[in-house]
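In what follows, a structure is listed as C-alpha cells, so that the remarks can point back to it.
The values are calculated or read from the model by the stated rules, or taken from the named source; none is laboratory data. Everything numeric in this text was worked out from a predicted model, so none of it was measured. Here the Cβ positions follow ideal geometry from the backbone for every residue, glycine too, while neighbour counts run over all protein chains shown. In case anyone asks, the SASA skips ligands and DNA or RNA and just uses the protein heavy atoms, side chains included. Shrake-Rupley method; radii C 1.70, N 1.55, O 1.52, S 1.80 Å.
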Amino acid sequence: MVTADKQLVNENSDLNKFPSDFNLPFGSVILQFLIAKNETNTGYTFKYAYKGTVETYAMGGSTTTTDAFDPLNYVYPAELCYFGNSPIRVTNDTKVANDYPDGVAEWNNSSNWNGWTTGGHVLSTTRSVAMQYNINYGTALLETTVRYGTNVLQDNNANIQKQRKDATESNNQIDVSSNDTHFQLTGILVGGQEAEVGWNYLAKSTTPGFGAMVYDNVGTVNIPKATAANGGDKSATCYTLLWDNWQESQKNQKQRDVYVALEFKNNSAGFWGENNFIRNGATFYIVGKLDPNEGRSTTDLSEGITWPTNQALPPYDSDGSTIKQRRVFIQDYMTTANFVIGPTSLQHALVAVPDLRSGQISLGLSVDLKWQTGLTFNDIVLGE
C-alpha cells in the first residue's frame, strides 16, 4: 500500500485535466494510484493522490542530478500594483479635482503650484495634499515572444537509442514549415521569484529566498511557421507581471540569472526529448536563461537601463537615491525576452517542469502609466 502525501483526486476525477484544473502546469506533479483494503477488510479501494514533492531536473543545474520541488512553491503572477515615495506639496486651501494641474508635464511645472508649500508636511490646518513625484508601477513586466530559428528541427533520437541499445540511429527531422500550430505555447514559468515582498515591493526575505516559481497560463499561442531556413516570425506577445528580483546580498555584484521555462503542446508526430518520448497531444517544457550581464559591461553595473531622473526608485542608497544596478526584473520596467526554438532545442525538451527555483484632506496623485524600458534579451535559443 502506498501512503499519499496529498489526496486531491478520486475515481470520478477527469485525469485528462489534472493538475491543470488546480491551476498547475501539467508536468508539475506525479500522480499515484493507491490500493488499500476497505474498512471491512472484504475488498480493496482505489484512490488517486499526488506526491508532495517531485523529483525534477534542477533548473540551471546538472541534467544528471535530480532535486525535490514541492508543488506548493508555484505562485501566480503578481497583481498589478502601484508604488509612490515622494515629498509632498500641501496647502491650507480646499482643492477639488479641477484645481490640480492636468498631465505629468503640468504637474512638474512649478509655476502651477502658487499657494502650495513644496516639501512640506501635513499639519492640523492642511486641507489638500499633492505628491511631488509620480506614482509608478510597483511590479515588473515580462514581455515574451517565441519563434522558430530554422525550418527543420532535430529531436534526441540518436542519443536516446544509443543509451537503450547498441545501435546507431539518426535524429528525427521535424519540419515546422507547413503550419502555425505544430507546437503551441501554452504557459510561461519564471524561476527565482520571491513569494513575499515588503513595502517597497522588493524581496522581503533573503534566506533562502527566491524559491518560488511563477506559472502564467497564456492559453494557446500559435508559433508562425518557419518560412525560410533561418526560421519564421515571432509569435503574438505574452505579458507576465512579476516582482522586482533585486537581491540585497548581491549589491555591487552581478544580480542573479533568471531561468524561464516555456510550456508547449505538441500537435504533430511524437519526438524524443531530453529523456522521454513526447507524444502527439503531450505537453513539454524547454528552458531559456536570462543573464543580466550578457552582452553588457561587467564593471558598469548600471549599463543597459535608462534610470529615472526626477525621482528615486527602490532599492535606495544611504542618501535616498536609487541604487542604479541592473537586474532582469525592475519595478516599473518591462523586460523583453524574444525566445528562439533552435535546431537542437527539442533535444532538451522535458515532460516534467524543471525546477526554476483625515477626512477633509484631499489627496491628489499624478499617475505615470508608462512602462520604462528594461533589459531586452534577443534570440535566446531554448535549451542552451
Taking segment 219-255 and keeping residues open to solvent by 30 Å² or more (accessible area, probe 1.4 Å) and under 15 Å from G288 (Cβ atoms) leaves K234
Per the list (1) assigned to a loop (DSSP other than H, G, I, E, B); (2) open to solvent by 40 Å² or more (accessible area, probe 1.4 Å); (3) on the phi < 0 side of the Ramachandran plot, residue check on G304 breaks on (3)
Q.
Residue under question is S235, and the condition is that it be at pLDDT 95 or above, assigned to a loop (DSSP other than H, G, I, E, B) and at negative phi; does it hold?
A. yes
By residue number, the members of segment 202-233 that are within 19 Å of the chain's Cα centre (by Cα) and farther than 30 Å from Q325 by Cα are N217, V218, G219, T220, V221
Residue hits (segment 307-348; among the basic types (K, R) and open to solvent by 50 Å² or more (accessible area, probe 1.4 Å)) are K324
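Every residue, every condition in (1) among the aliphatic types (A, V, I, L, M); (2) at pLDDT 95 or above, yes or no:
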residue	(1), (2)
G281	no, no
R296	no, no
I305	yes, no
T309	no, no
A312	yes, no
I323	yes, yes
I341	yes, no
V351	yes, no
V381	yes, no
Counted residues in segment 256-282 being exposed (fewer than 14 other Cβ atoms within 10 Å of the Cβ) and either among the β-branched types (V, I, T) or in contact with a Cys (Cβ under 9 Å, 6 or more places away or on another chain) (or both) come to 0
Any residue at all in segment 137-157 that is more than 35 Å from the chain's Cα centre (by Cα) and either over 22 Å from D257 (Cα atoms) or surrounded by fewer than 18 Cβ atoms within 10 Å (Cβ to Cβ) (or both)?
no
TODO: State yes or no: is I286 open to solvent by less than 70 Å² (accessible area, probe 1.4 Å), part of a strand (DSSP E or B) and farther than 22 Å from A195 by Cβ?
DONE: yes
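For segment 129-136, does any single residue satisfy the condition of being open to solvent by 40 Å² or more (accessible area, probe 1.4 Å) and either over 27 Å from D244 (Cβ atoms) or at pLDDT 90 or above (or both)? I'd like the intermediate steps shown before the answer.
In the first step, residues of segment 129-136 are kept if they are open to solvent by 40 Å² or more (accessible area, probe 1.4 Å); the result is 132-133.
Pick out the ones that are also either over 27 Å from D244 (Cβ atoms) or at pLDDT 90 or above (or both) and you get none.
Checked segment 129-136: no residue is open to solvent by 40 Å² or more (accessible area, probe 1.4 Å) and either over 27 Å from D244 (Cβ atoms) or at pLDDT 90 or above (or both).
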Taking segment 169-202 and keeping only residues that are surrounded by fewer than 22 Cβ atoms within 10 Å (Cβ to Cβ) and part of a strand (DSSP E or B), one is left with Q173, I174, D175, Q184, T186, V197
Pairs returned, first residue in segment 104-123 that is more than 20 Å from N85 (Cβ to Cβ), second residue that is hydroxyl-bearing (S, T, Y), beta-carbon separation under 6 angstrom, 6 or more apart or interchain, are G115/T91
